[in-house]
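Right, one structure below, let's go through it.
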Amino acid sequence: MGRILINSGKKASVSFNSPVILIFTLLCFAVLILGIITKDITTVSFFSVYRSPLFNPLTYLRMFTHVLGHAGWEHFFSNITMILVIGPLLEEKYGSENILFVILATALATGIVHFIFFPGIRLLGASGVVFAFILLSSFTSTEEGKIPATFILVAVIYLGQQIFSALFVNDNISNLGHILGGIVGSVLGFIMNKNKMYGKQK
């Protein structure tokens, strides 16, 4: 049987379509490897939130960097897989600067609340960012002045599950971080769509 060869004249190339998401992923990977090498010394010192003196500059740095730290490979892959699936679509719609702001705002909100209310527990990981992206993604096709039904369903399913787990399930998952991440994603999604804060249109 003969073969048909099609030559379009174009060479395939790798497209760095989401610089913020790609850099965030690489940073999380590097932090995890560094933590393994140092037996979690760097992860605890620089990439986790816990109660520490306010005069310590690292206290304020960790409010943002804790989203880069992960407790292990399973923790890393569960978060990064979702971020790589949802993040590029959001970055294409809203632009790199807005997505970076969502990540930083989520990190700061979850970091401050955890610092105040859970002094004896160490918080790390990008799960709050994941939930912010999930809720934000439900706004991607919103018409002005309308709240999408998908947002309501996502909020009920994801946030409702986290509230239930926080109240009735005793596990090691930061449900409050997930809830706060979802709230940040919801609020910023509403604001960005209302003000048409989108990325550059091609």
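The values are calculated or read from the model by the stated rules, or taken from the named source; none is laboratory data. Predicted, not measured: the structure shown is a model, and the values here were computed from it. The protein model used for the area step is the full one, side chains on, heavy atoms only, and it has no ligands, DNA or RNA in it. Shrake-Rupley method; radii C 1.70, N 1.55, O 1.52, S 1.80 Å.
Karplus-based coupling profile of segment 77-89, in residue order and whole Hz: 5, 5, 7, 5, 4, 5, 5, 6, 7, 8, x, x, 5, with θ = phi - 60° in 6.51 cos²θ - 1.76 cosθ + 1.60 and x standing for Gly or Pro.
Averaged over its residues, segment 59-118 has an accessible area of 47 Å² per residue, based on protein heavy atoms and a 1.4 Å probe.
A 1.4 Å probe, protein heavy atoms only, puts the accessible area of residue 60 near 120 Å². Under 1.5 on a/c is rounded, so check that first for segment 19-72, then, if it is not, pick prolate when a/b is larger than b/c and oblate when it is not; a ≥ b ≥ c are the square roots of the alpha carbon gyration tensor eigenvalues. Oblate, because a/c is 1.5 or more while a/b does not exceed b/c. Counting 0.36 nm for each residue step from residue 60 to residue 84 and taking away their Cα separation leaves a gain of 5.9 nm. Proximity of backbone amide H atoms, modeled 1.01 Å from N, is registered between residue 125 and 67, 68, 69 at under 5 Å, excluding neighbours fewer than 5 places apart on the same chain.
Here segment 49-139 has 74 percent of its accessible surface on carbon and sulfur atoms, given a 1.4 Å probe and all protein chains in place.
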